[in-house]
Each structure stands twice: as C-alpha cells, then as structure tokens.
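First up is the structure itself, then whatever we jot down about it.
The values are calculated or read from the model by the stated rules, or taken from the named source; none is laboratory data. Small disclaimer: the values here were computed from a predicted structure and weren't measured. Glycine gets a Cβ as well: all are built from the backbone with ideal geometry, and neighbour counts include every protein chain shown. Accessible surface is based on the protein model in full, side chains and every heavy atom, while ligands, DNA and RNA are left aside. Shrake-Rupley method; radii C 1.70, N 1.55, O 1.52, S 1.80 Å.
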Amino acid sequence: MKKIVLIAIAFVGLQFGLNAQEVIKEPQTKEIQEYLLPDVQAQKDVDAMSSSLSLNEEQKAKAYTFSLAYEKKIIETRIKQQEQHESKRQDFVSAMAEYRSNIKSILTAEQLEKFNATYPEK
C-alpha cells in the first residue's frame, strides 16, 4: 500500500514539474499593446498626476510633453539594449566558432569524432 501511495505521489510531482517547465506564450491583448505605446502611457501618467496633484490645464499640457519625451527615451533605450544584446550574442557565437575551429585543428580524426559526439554544435 505504501508503495502505491509513493508511486502516486511521485507521478503527481512529475506532472507538476513538467507543467511548470512548459512555456506558454499568450498573445498580447489589445489593452497591453496600447499600454506599451508612448502616448498612451504618457496620458495615463498625466491623468494619475492630475488626479493626485490637482493639475490645471497648462500644467497637464506641460506634464504630457515631458512624459511623452520620457516614454520615447525609454523605448529608445530598450531598443538599444536589445541591439546590444544581439551584438554581444553574435560576438559570443563567433568566439565559440573560432574556439571550436582551433580545437579541431589539433585533434586527430579519432579525437575529432569523439569531440563532435561529446560536444555537438548548438
């Protein structure tokens, strides 16, 4: 009886572990996509400040201009970071290719076969 219970618990635990590893990418909803637009985010920021600080119309207009400029800079920064990340990734890939090429140049045919089996290219 104990073995059956332990097996059942192990099976349930494995199911939870497997489900936790699944990556489910849900498409962004329209609301989330609009939230990412700089003008929408700037307006939300101004609305929040307006309600908490009682801004007049002139202050709202200036705050919107500042907020919009800020949101655009944030987007530019994120794009630059993404490009830098891709550039770094390409540098890593080329360095790895050079390393593998150098290692392969010193190996015998038998060692090369074993190397390729043990360390396949990704």
Fill in: Selection from region 67-93 of residues that are more than 15 Å from LEU37 (Cα to Cα) and not acidic (Asp, Glu)
LYS80, GLN81, GLN82, GLN84, HIS85, SER87, LYS88, ARG89, GLN90, PHE92, VAL93
Response to the item:
Of GLN43, GLN84, the only residue that is open to solvent by 100 Å² or more (accessible area, probe 1.4 Å) and among the polar types (S, T, N, Q) is GLN84
Item to complete: Can you work out which of the residues in region 46-59 that are open to solvent by less than 60 Å² (accessible area, probe 1.4 Å) and not in a loop (DSSP other than H, G, I, E, B) is farthest from GLU76 (Cα to Cα)?
Response: SER50
Worksheet item: Is it true that LYS114 is closer than 30 Å to GLN41 by Cβ and open to solvent by 80 Å² or more (accessible area, probe 1.4 Å)?
Response: no
Item to complete: Considering every residue within region 89-97, establish whether at least one is in contact (Cβ under 8 Å) with a residue 12 or more places away in the chain and among the acidic types (Asp, Glu).
Response: no
